[in-house]
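In what follows, a single structure is set out as structure tokens and then discussed.
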Amino acid sequence: TKSQSSAATDQAYEYQIGAKDLLEIAVFEVPELNITVRVSENGMITLPLLGDVQAAGQNRAELEKKIAAMLEKNYLRNAQVTIFIKEFQSKKVSIMGAVKNPGMLDLIGRQSLLQVISMAGGLSEQASDSVVIFRQFKSGPGLSLTVKLDELLVRANPKYNIPIYAGDIINVPGSQFLDIYVFGQVKNPGAVRMKKGTDEVTLLRAIAQAGGFTDRARRGKVLITRSEDGREKKIYVDVKDILGGWRKDFALQAFDVVFVPESIL
């Protein structure tokens, strides 16, 4: 048997018109009834001849039939009404945290968690191992759903690719740790996992966690190699200036590679 979440994604979905959507309405052979109108906060549109019409909560085809029936009752025979949704404003979700383009997204049609993460540019390197979805209902308390990224991305388990609904808030927490690689003239070279807190993860902290400098370390020209937008960036830092209080400690990012060269003396 299918899980409830996968069954929900199998259901046919037709976009439900909502507040602030912009509709372009055309009536065949009656150009004076053609109008572009925005749905009000209470879900109404105002049309020539007909006045206020409830639009929210109906799909495009349902609203076309409703307006046609209203026109046929008093004004036209065989009214042919066409509606085009020019702007989708009522169906939005918020995605925040460790994605490349956090913010508000238009939810047009049926969308799954993976699709929404993709629309936000995908996960950033700082993403932790889970995603939290906050969902609020019109009546009653909301709920939070936690989805493990391994199940979603590595095992590709469709059960965890849950449908996303308008108003959902998706949070991809950043990892509590940064992985930094420290090589060269330190006492314990290799990968260093550093816990993030209120303070930045800095060069001095990473070197200290790698055991500190060796006696042969060249502190004046420590190299940090960083990947930015697919390109390798090299940054040289004079740690003597940091130790002397002449410059601020250098902030590191996830997967930075720190190389401490050997002194030339």
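Across the range 193-223, the number of residues qualifying as of a type in the set (Val, Ile, Thr) and either more than 15 Å from VAL239 (Cβ to Cβ) or touching a helix residue (DSSP H, G or I) at 6+ places or on another chain (Cβ under 8 Å) (or both) comes to 4. Of everything in the range 60-118 that is among the basic types (Lys, Arg) and under 27 Å from ILE164 (Cβ atoms), the residue that is nearest to the chain's Cα centre (by Cα) is LYS100. Pairs are defined by a Cβ separation below 7 Å, a sequence spacing of at least 6 or placement on different chains, a first member in the range 141-160 that is touching a residue at least 40 places away in the same chain (Cβ under 8 Å), and a second member that is small (Gly, Ala, Ser) and in a helix (DSSP H, G or I); the pairs so defined are PRO158/SER6; LYS159/SER5; LYS159/SER6.
Only a single item in (1) at pLDDT below 85; (2) open to solvent by 30 Å² or more (accessible area, probe 1.4 Å); (3) aliphatic (A, V, I, L, M) is not met by LEU178, and it is number (2). Only a single item in (1) under 27 Å from TYR165 (Cβ atoms); (2) assigned to a strand (DSSP E or B); (3) open to solvent by 30 Å² or more (accessible area, probe 1.4 Å); (4) of a type outside the set (Lys, Arg) is not met by ASP52, and it is number (1). The condition of being within 19 Å of ASP21 (Cα to Cα) and either open to solvent by less than 30 Å² (accessible area, probe 1.4 Å) or of a type in the set (Gly, Ala, Ser) (or both) holds for only one of LEU149, LEU71, LEU105, that being LEU105. Specify the residue that is farthest from MET104 (Cα to Cα); the eligible residues are those in the range 189-213 that are modelled with pLDDT of 90 or more and out of contact with any strand residue (DSSP E or B) (no Cβ under 8 Å at 6 or more places or on another chain). Across the range 189-213, the extreme among qualifying residues is ALA208. So how many residues does the range 74-102 have that are charged (D, E, K, R), open to solvent by 50 Å² or more (accessible area, probe 1.4 Å) and within 21 Å of ASP21 (Cβ to Cβ)? Number of matching residues: 3.
Looking at the range 203-225, can you tell me whether even one residue there is within 24 Å of the chain's Cα centre (by Cα) and not aliphatic (A, V, I, L, M)? Checking the range 203-225: not a single residue is within 24 Å of the chain's Cα centre (by Cα) and not aliphatic (A, V, I, L, M). Would the range 154-173 turn up any residue that is open to solvent by 30 Å² or more (accessible area, probe 1.4 Å), assigned to a strand (DSSP E or B) and under 30 Å from VAL30 (Cα atoms)? No.
The values are calculated or read from the model by the stated rules, or taken from the named source; none is laboratory data. Bear in mind the structure is a predicted one, so any value in this text is a computation, not a measurement. Cβ coordinates were reconstructed from backbone atoms using ideal geometry, including for glycine residues, and neighbour counts include every protein chain displayed. For accessibility, only protein heavy atoms count, side chains too; no ligands or nucleic acids. Shrake-Rupley method; radii C 1.70, N 1.55, O 1.52, S 1.80 Å.
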